[in-house]
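The values are calculated or read from the model by the stated rules, or taken from the named source; none is laboratory data. Treat the numbers as computed from the prediction; the structure is a model and nothing was measured. Please note: Cβ atoms are built from the backbone with ideal geometry, for glycine as well, and neighbour counts cover all protein chains shown. Surface areas here come from the heavy atoms of the whole protein model, side chains and all, with no ligands, DNA or RNA. Shrake-Rupley method; radii C 1.70, N 1.55, O 1.52, S 1.80 Å.
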Amino acid sequence: MDVKTLCLAVLSRRDATGYEIRKQFAEGPFAHFQKASLGAIYPALTKAAEEGLVTVTAEAQDGRPDKKIYSLTPDGAAALHRACQTEPGDDQFRSDLLFLIFFSALQSPDKIARLVDERIAQYEASVANLKSKAETCSGEEPGRDFVRGLGCAIYQAAADYMRQNRADLLEQLRSEARHAAE
């Protein structure tokens, strides 16, 4: 999905500022499956406004520039509906951590152990976060419950895999380091 469509999706839930839209991708419900930076969000909102997909209302603030609040228009809702009718592409998984582990022979086993342990903790925190949201938001929409549940399953499976295979990876790395030192 392009960032403009992602912004329309956020605005379909409620009016928001660009910063509030960004928070939906940083720590909100979209954080687990989409990314959008402020550097991409604001140009997308500008284009959406030019196309009549959103309206912009300026709200005065004391001692600061006006806050821009974006709202979805009927044309924006129709554009989001059309976007939801398209077939999805293949899922893409990108991970700096997996890149570093792939090249783990170029790093110390202690660093790899720390990175794996930190990621296990992050995955477990994500599972706990999603489960807590399920308790308070369950039943709001079947699709959201499904996505939340799949997110829990993926994060839990990743944490379990890393926990179960951590020792073997580190032993192999330490063995290679010993052989290289000889």
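Charges at C-beta only: +1 for Lys and Arg, -1 for Asp and Glu. How large is the resulting dipole of the chain about its Cα centre, in Debye rounded to 20?
In total the dipole reaches around 240 debye.
Could you check how much of the accessible area of segment 96-181 is carbon and sulfur, as a whole percent, using a 1.4 Å probe?
59 percent
Can you give me the angle between helix 3-13 and the longest principal axis of the chain, using Cα atoms only, in degrees from 0 to 90, rounded to the nearest 10?
Helix 3-13 sits at roughly 70 degrees to that axis.
With unit charges on the beta carbon (Lys/Arg positive, Asp/Glu negative), name the residue among 86, 169, 16 whose Cα is farthest towards the positive pole of the charge dipole of the chain.
16
Over the chain, what portion of Cα pair distances is larger than 21 Å, expressed as a whole percent?
It works out to 62 percent of all Cα pairs.
Could you list the chymotrypsin sites (Phe, Trp or Tyr not before Pro) in segment 1-37 that lie in coil according to DSSP, counting only those with at most 11 other Cβ atoms within 10 Å of their Cβ?
none
For helix 142-181, what angle does its Cα long axis make with the longest principal axis of the chain, in degrees from 0 to 90 and rounded to 10?
Between helix and principal axis, roughly 30 degrees.
Need one word for segment 3-83: rounded, prolate or oblate. Basis is the Cα gyration tensor (sqrt eigenvalues a ≥ b ≥ c); a/c below 1.5 gives rounded, then a/b vs b/c decides.
Oblate, because a/c is 1.5 or more while a/b does not exceed b/c.
If contacts are Cα pairs under 8 angstrom and at least 6 residues apart, what is the relative contact order of the chain in percent?
After rounding, I find 17 percent.
Per residue, how much accessible area does segment 96-181 show when a 1.4 Å probe rolls over the protein heavy atoms, in square angstrom?
Per residue, segment 96-181 has 67 Å² of solvent-accessible surface.
With a ≥ b ≥ c the root eigenvalues of the C-alpha gyration tensor of segment 1-44, is it rounded (a/c under 1.5), prolate (a/b larger than b/c) or oblate?
Rounded, because the longest to shortest axis ratio a/c is under 1.5.
For the pairs 4/68; 35/67; 68/131; 35/133; 111/131, flag any whose C-alpha to C-alpha distance is greater than 28 Å.
Long pairs (Cα-Cα over 28 Å): 68/131; 111/131.
Would you please put 46-55, 155-164 in order of how densely packed they are, using the mean number of other Cβ atoms within 10 angstrom per residue and starting with the highest?
My ranking of the peptides, most packed first, is 46-55, 155-164.
Please give the residues of segment 58-72, grouped as numeric ranges, whose backbone N is less than 19 Å from a label point set 7 Å along the Cα-to-Cβ vector of residue 46.
Inside the label zone: 58-59, 65-71.
Would you mind checking the tilt of helix 38-50 against the longest principal axis of the Cα atoms of the chain, expressed as 0 to 90 degrees and rounded to 10?
Tilt relative to the chain: about 30 degrees.
Can you tell me the accessible area per residue over segment 3-83, all protein chains present, probe 1.4 angstrom, in square angstrom?
In whole numbers, segment 3-83 has 56 Å² accessible per residue.
Which value at 222 nm does the chain reach when only helices count, each DSSP H run of 4 or more adding -39,500 (n - 2.57), with the total divided by all residues and rounded to the nearest 500 deg cm²/dmol?
-22000 deg cm²/dmol
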